Amino acid sequence: MTTTVTRLYDNYADAERAVRRLEDVGVPRSDVSIVANNSENWYRPGGKVDRDRDGTDDRADGAGAGAGIGAGLGGAAGLLAGLGLLAIPGLGPVVAAGWLASTAAGAAAGAASGGIIGALTQAGVSNDEASRYAEGVRRGGTLVSARASEQDRARIEGLLNESSVDLQNRSAAWQGTGWGGFDAASPPLAPDDIRRERELYGTGAPRR
């Protein structure tokens, strides 16, 4: 029996490292997915990555430095080589790759609850958790999901737990400000709103 393990990350860099941990232990790229908020346009059409918004592709920066995310993306291997832009109701522009992104794109055309909710619940995530995960991406986060057998679930959870958001505590904080659940009909957050969100929870800008 297959189960789905999903975690939210405040920074794309943390999510990227989680994906690479999964790939390093042999999890097939076909069983891994990533969905990242792109409201700040750090990923551009054609594959340009400019998280520090200095006008230079981060992959070139990384190659020059010989390390870091730029170098990792420049390697263009595994799941992250397939990153592309996608529009999901309620989230706006996202950078995504993998099975969850494909399912969300299909669900977006007809799912009343929104593409990301439909994709997650179809994968076995409860509606309540799916709503929290979707809201996390809406507020600037990155989602990583992996399909695993029940016997391998604990190992996958251990790999994904590192640097992930405590979703229960975070969603409780949202609820304290009046949040009642993810609404795909709501407009995506503007970059300034996302920056304020990061300042509120002390997560800072996406790290390189």
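Overview of results
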item	result
So Gly74, is it out of contact with any Lys or Arg (no Cβ under 8 Å at 6 or more places or on another chain) and at pLDDT below 85	no
Unmet requirement for Ile69, which otherwise passes all of (1) at pLDDT 85 or above; (2) under 13 Å from Thr142 (Cβ atoms)	(1)
Residue that is surrounded by the fewest Cβ atoms within 10 Å (Cβ to Cβ), among those in the range 137-160 that are more than 13 Å from Val5 (Cβ to Cβ) and touching an Asp or Glu at 6+ places or on another chain (Cβ under 7 Å)	Arg139
Filter pass, Gly124 being more than 29 Å from Leu200 (Cα to Cα), touching a residue at least 24 places away in the same chain (Cβ under 8 Å) and not β-branched (Val, Ile, Thr)	yes
Top-ranked residue in the range 1-54 [being modelled with pLDDT under 85 and basic (Lys, Arg); ranked as nearest to the chain's Cα centre (by Cα)]	Arg51
Any hit, the range 166-175, residues being over 21 Å from Asn127 (Cα atoms), free of Cβ contacts under 8 Å to residues at least 40 places away in the same chain and surrounded by fewer than 18 Cβ atoms within 10 Å (Cβ to Cβ)	no
Sole exception among (1) more than 20 Å from Arg196 (Cα to Cα); (2) buried (at least 21 other Cβ atoms within 10 Å of the Cβ); (3) touching a residue at least 60 places away in the same chain (Cβ under 8 Å) for Ser131, by number	(3)
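The values are calculated or read from the model by the stated rules, or taken from the named source; none is laboratory data. Just so it is clear, the model here is predicted, and its values are computed rather than measured. Please note: Cβ atoms are built from the backbone with ideal geometry, for glycine as well, and neighbour counts cover all protein chains shown.
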